[in-house]
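The values are calculated or read from the model by the stated rules, or taken from the named source; none is laboratory data. All values reported here derive from a predicted model rather than from experimental measurement. Cβ placement follows ideal geometry from the backbone for every residue including glycine, while neighbour counts extend to all protein chains displayed.
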Amino acid sequence: MSFNITISTGSNTPIYKQITDQVWLAFVTGKLEVGDQLPTVRTLAEDLVVNPNTVARAYADLTRDGLIESRAGRGVFITRKRKVFTREEGWRRLEPLIDAAIGEAMAMDFTHQELREAFEKKLGQWKHVKGGN
Amino acid sequence: MKTLIRKELREIIILAVIGFGIFTFLLVQVYRSSTAFFANLALGQTGWMGDDNVQPLLGSFPKLAMVCCAIFGAILGWLQVHNERHRDLWAFLIHRPLSRTKIFFAKVIAGLCLYVVGAGLPLLGVIVMIRIPGHIAAPFEWAMVLPVTAYFLSGIVYYFAGLLTGLRQARWYASRGLGLGVAILVSVTVANVPDFWRALFLILLGGAIVATAAWGSFMSNGYYDGQPLLGRRALATSLMLGGFIVVMFVMVLLGSLVPNSFRESFHWSRYQMTKDGEIYKMTQPAGKPLQITELNGAPLKDTKTGRPITLTDFNRLADSESGIQADFEDQAQYQKRHQGRYMESSHFFTLWRQTPDTLWYWNQNGRLWGYDIASRRFIGSLGPSGFTPGLATGPDRFSRPEGKEGHGNGYYDSSYPAQTLMTDTVVYKLNLENRTASIFFAATNNNRIGGALDVSSKGYDWNNTIVVTREFVQLMTPDGKLVWQMPYVPAYPAYNGVTVSFLEATNRFTLWLNANDQTNKMMGWTLPSRVVWLASGQGVLESTNLPSLSGYRGWTPPLTERLLRSVVPPAFYSAPVFLHGMDVFRDFPWKDLLISVVAAVVCAVVGWLLCQRYHFSAGARLKWAGFHLLFGLPGLLGFLCVQEWPAREACPNCKKLRVVDREKCEHCGANFAPPETNGTEVFEPLTAVK
Amino acid sequence: MNEQPVIRTQGLTRYFGAKPAVYDLNLEVPRGCVFAFLGRNGSGKTTTIRMLLGLLQPTRGEGRILGHDIRSLPPEARARIGYLTEEHQLYGWMNVNECGDFQSRFYPRWNEKIFHGVIGHFSLKPTARVKDLSRGERAGLCLGLTLAPEPELLILDDPAMGLDPVAHRSLIESMIYLTRRSDRTIFFSSHQLADVERVADYIAILDRSVLRVCCPLETFRNSVQQVRLRFPGAPPPVPKIPGLLQAFRAEGELRFICLHYDEATERALQALAPTQMERVPINLEDAFISYLGERGEKSFILSETEAQP
């Protein structure tokens, strides 16, 4: 598995969120596929040198979101079992991220046009988006 | 615990070795100077050494031991605590699954072992050297080891005092050292009690107090609160005793600020005879110059100047007198009463005479012990029935030589014509060259000997011996011939002072018979002194009774002493009873005790008020009041040093000042206010994880 | 599993002279967690720890550690508590092996493998004398001595002070390693906020001898909010807002860091009439520092002292 998680302290993002974000990012960019195994809570905690409860919380969130599941005795695996979000929940999760991106872009004086083009380019690069362009 | 002992040993062994080295070095130096003295004697150099110094075990070694054992013990104890002075290292020591008492014991066991080795081995070494014949030409008895042993054991008290000093967390650094005061007190009392067992008792008592105080401080990291009860009591007692020393010192200092406060004032009066047989009176009034007057009161004038005679001139006119305190008690009883303290050499022997090659000591077993100067070996002992070579004992014994009473006046005076010794019934003349004793004078039947004194009234040679029997006082020549004999009237026991004056004119003498002070006091000082002028061969020439002057004697203690007496705690007035038994009540200082009690009451009041202010419980207040009543100013000082006075804050409810170490206000019973919130608190109940 | 908290204090107070170093502390540390105890220097953390371990008598109040009264901790309880001090003090004349040997004789449950593991991890020579070790090496030795008896409760007083980065990392790794056992609790005080972010489940903050925060780490993080207000001209004076921790003034803007941001706070800020108001994310370190620092408007520390141009 060529997937590595790194966390940093002193970030605006809590550590558990950094973990979930990185797992999501890896899944979405294809580094992780359905059926891949993730490290156990204990292993990842000692690897990252963080409290196992933090890792446990990250994994709990990922399980709740339906990305991973824990199979008894064998470990933690990527899965895409079901859509667990309602549309509203999904938008609620997505909107802050869009706001953040737009805010950064505006602050750096990118124009709306430049931003739209960049967005389209990214969409083209991503393979796993449903209902593609 | 063994691990801890080993670790402690390893940590302080260097100090122990240094102490051992220094102590051994000093002891060896003293020992060598003692042997050097004897070596010089053997080379023919004359010299004298007091009784105290001729046997170093009774003279210089105890002094050295007192100082060295004290310093060594105190530093050892202090260092054992000082090693963990960093609070994190202290935490490392304490925070382990071993009870604190056991940790304390481990330290003490290690410390005491090293003390015993470091201080005890050198002492043992010198004792062995002295015991081995041929090194010190002075009597040795195993009981002579006791003074040095007492100081050695006192060093253990210093050890615990050192521990206590290192342990105490005290705001005033000086109060940390108060524990040493107990040890100093033990040293002082050990030096002054009559026998070793009393000294041992005091050492054990003082040691127990300081050791318990040290243990208590160890248990509570050096603070007073939080100690076990026994520790607190012991600490208060220790600091009180230390405070006693401090208070004494301060009083002496205060006294030194007042001029003349160290001067004691005497007043006395006595008769003095001149060489021509005239009696004059010497009177010393308190604070005024000495007066020398004729019996009618007129001042004696110097014939050359016409002004009152000076003391030096008068002394030139004075006669040559020798006196005996007659005593007809059983010799053994008498000796016991006059034996001196266990620390004094007079308790064991007194140097009687030195011949060119032998030193002769009168030993407390009544025999003359001879020591060969060249070889420094014991030769044998001489008694009334003769010399027993090689043996220290024999079938009979001599009484203690006249003029060599106990109480530390044992300076060997080579001008003293020690020639005769007596038993209860016979005066013997001793020939030390031949080592024989021949009968000089034998009393008949019930006429026991009450005293015999050799005199050299002119120059240094022996020319007379005074013998006092129940019926007679007689003067004899060295050949055993009678010069004169007078009836012993007024008789013993009312009159026990017999003095013979040797007048300038040949064969003229005066006999003085003085009353026993105690009897005279009981009779209101009405017993006169009897004076008899006589000439040998002619008998009594004249006699008279002079009114007794003993009652005129008085002594006012210096101001410092009076100050000191007022701060001695009432409880300490029981010490004389402990030391001297019940007959101390005959002359008990009741007035001083009263002053002491008044001072103690004042201290108790001050203490009570302080307890009130800090709201001690009723029981605590009573206990401290009792403590102050018993121990006076030192007790108050100990109380102040021991307490950690809690801060006081205004009560949120009743606004009065209350101590911070109690949950409920002592005035209104309310609790303390919880801390003020400022709107930035974040609290959430925590659940157990997993 | 025992549900009793491993540490519980009620009204724990300690005065030094007339000033309280710890005032009315009510703390509960649940079993099995990693608990960070924070506060500025002199706020009473070490005093609290020393009271908990029976090294200092409280002036008032009660405390229980592993169920035992702190005023009379029995020796058996001490076998279950590991204590790592700030200064990592040991006997200078002992060498590493002697330290281990010395300590091992006191504890019935001494795990030699752990001790040698830690020693090896810090690359300590067995014959090196303690007085010749560097601070980090001493810390490693102390850590080994503390961990080898496998204590149930580990109390660390500023363990990372003075450690180099490698030793520091090893220390944190050891703490994580300890959490393998769910009955082990770690209670530590620290100034290293990065460590706290990594390993702490719960935090407590002592502010000038008073406990003001005791909650899960995320709760604290979520309670602190940063808001930036923009103004057309010079920003107005800072109003009194409940829960305001710090405010920063710059050209045309005010930045507020507040606790418990709610509608009242929002209204108070809106009343200043900013042109723009937005929430700015804040990281944990800045949140701590603004919590522990002086309240009110902040300027950079030396800006007043610079010469005017």
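Quick notes on this one:
- Complete set of residues in the stretch B:262-321 that are over 27 Å from B:TRP555 (Cβ atoms), touching a residue at least 40 places away in the same chain (Cβ under 8 Å), not in a loop (DSSP other than H, G, I, E, B) and not small (Gly, Ala, Ser): B:THR274, B:LEU317
- Filter result for B:ASP327 (part of a loop (DSSP other than H, G, I, E, B), modelled with pLDDT under 85 and surrounded by 15 or more Cβ atoms within 10 Å (Cβ to Cβ)): yes
- Of the criteria (1) in contact (Cβ under 8 Å) with a residue 12 or more places away in the chain; (2) part of a loop (DSSP other than H, G, I, E, B); (3) under 24 Å from C:LEU171 (Cα atoms); (4) at the interface with chain B (Cβ under 7 Å from one of its Cβ atoms), which one C:GLN57 fails: (3)
- Of note, C:VAL34 satisfies the criterion of being touching a helix residue (DSSP H, G or I) at 6+ places or on another chain (Cβ under 8 Å) and either at pLDDT 95 or above or at the interface with another protein chain (Cβ under 9 Å from one of its Cβ atoms) (or both).
- Considering the stretch B:411-443, the residues that are closer than 21 Å to B:LYS458 by Cα and assigned to a loop (DSSP other than H, G, I, E, B) include one that is modelled with the highest pLDDT, namely B:GLN419.
Residues are listed down the side, and each one gets a yes or a no for (1) under 14 Å from B:ILE12 (Cα atoms); (2) in a helix (DSSP H, G or I); (3) of a type in the set (Gly, Ala, Ser); (4) modelled with pLDDT of 95 or more:
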{"site": "B:GLY118", "(1), (2), (3), (4)": "yes, yes, yes, no"}
{"site": "B:LEU121", "(1), (2), (3), (4)": "no, yes, no, no"}
{"site": "B:GLY125", "(1), (2), (3), (4)": "no, yes, yes, no"}
{"site": "B:VAL128", "(1), (2), (3), (4)": "no, yes, no, no"}
{"site": "B:HIS135", "(1), (2), (3), (4)": "no, no, no, no"}
{"site": "B:ALA138", "(1), (2), (3), (4)": "no, no, yes, no"}
{"site": "B:MET144", "(1), (2), (3), (4)": "no, yes, no, no"}
{"site": "B:LEU153", "(1), (2), (3), (4)": "no, yes, no, yes"}
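- Among residues of the stretch B:326-341 that are on the phi > 0 side of the Ramachandran plot, those with a Cβ under 6 angstrom from a residue that is modelled with pLDDT of 80 or more, sequence gap 6+ or separate chain, pair up as B:GLY340/B:SER346; B:GLY340/B:HIS347.
- The stretch A:39-133 holds helices (runs of 4 or more DSSP H) entirely within its bounds, and those carrying 3 or more residues that are assigned by TED's automatic domain parsing to the domain that holds A:ILE19 and at pLDDT 85 or above map to A:41-48, A:52-64.
- Condition met for C:LEU90 (within 14 Å of another protein chain (Cβ to nearest Cβ), closer than 15 Å to C:ALA167 by Cα and touching a helix residue (DSSP H, G or I) at 6+ places or on another chain (Cβ under 6 Å)): no
- Check on B:LEU204, more than 30 Å from B:ARG96 (Cβ to Cβ), surrounded by fewer than 18 Cβ atoms within 10 Å (Cβ to Cβ), touching a residue at least 12 places away in the same chain (Cβ under 8 Å) and more than 14 Å from chain C (Cβ to nearest Cβ): no
- B:SER550, sole failed condition from (1) buried (at least 16 other Cβ atoms within 10 Å of the Cβ); (2) at pLDDT 75 or above; (3) within 31 Å of the chain's Cα centre (by Cα): (2)
- C:GLU253 meets all of the listed conditions (1) modelled with pLDDT of 85 or more; (2) more than 18 Å from C:GLY296 (Cα to Cα) but one, namely (2).
- Residue match in the stretch C:72-79 (condition: farther than 16 Å from B:LEU89 by Cα and in contact (Cβ under 8 Å) with a residue 60 or more places away in the chain): yes
- Taking the stretch B:357-389 as the range and being over 34 Å from the mean Cα position of the chain (by Cα) and in a strand (DSSP E or B) as the test, the residues that pass are B:GLY386, B:PHE387, B:THR388, B:PRO389.
- Within the stretch B:240-290, the residues that satisfy the criterion of being acidic (Asp, Glu) and closer than 30 Å to B:ARG530 by Cβ are B:ASP276, B:GLU278.
- C:ILE186 meets all of the listed conditions (1) within 14 Å of chain B (Cβ to nearest Cβ); (2) in a loop (DSSP other than H, G, I, E, B); (3) closer than 30 Å to C:LEU211 by Cβ but one, namely (2).
- Those helices (runs of 4 or more DSSP H) lying entirely in the stretch C:80-154 with at least 2 residues farther than 17 Å from C:GLU173 by Cα and acidic (Asp, Glu): C:96-104
- A single entry from B:THR312, B:THR283 fulfils the requirement of being hydroxyl-bearing (Ser, Thr, Tyr) and under 27 Å from B:PRO417 (Cβ atoms): B:THR312.
- Any hit, the stretch C:163-174, residues being assigned to a strand (DSSP E or B) and facing another protein chain (nearest Cβ under 9 Å): no
- In the stretch B:651-689, residue modelled with the lowest pLDDT [restricted to those that are surrounded by 15 or more Cβ atoms within 10 Å (Cβ to Cβ) and farther than 30 Å from B:ALA618 by Cβ]: B:VAL689
- Residue in the stretch C:207-238 that is nearest to C:VAL22 (Cα to Cα), counting only those that are free of Cβ contacts under 8 Å to residues at least 60 places away in the same chain and within 14 Å of chain B (Cβ to nearest Cβ): C:ARG212
- Restricting the first member to the stretch B:658-675 and to residues that are more than 7 Å from chain C (Cβ to nearest Cβ), and the second to residues that are of a type in the set (Phe, Trp, Tyr) and in a loop (DSSP other than H, G, I, E, B), the beta-carbon pairs closer than 9 Å and six or more apart or on different chains are B:ARG658/B:PHE672; B:VAL659/B:TYR614; B:VAL659/B:TRP645; B:CYS665/B:PHE672.
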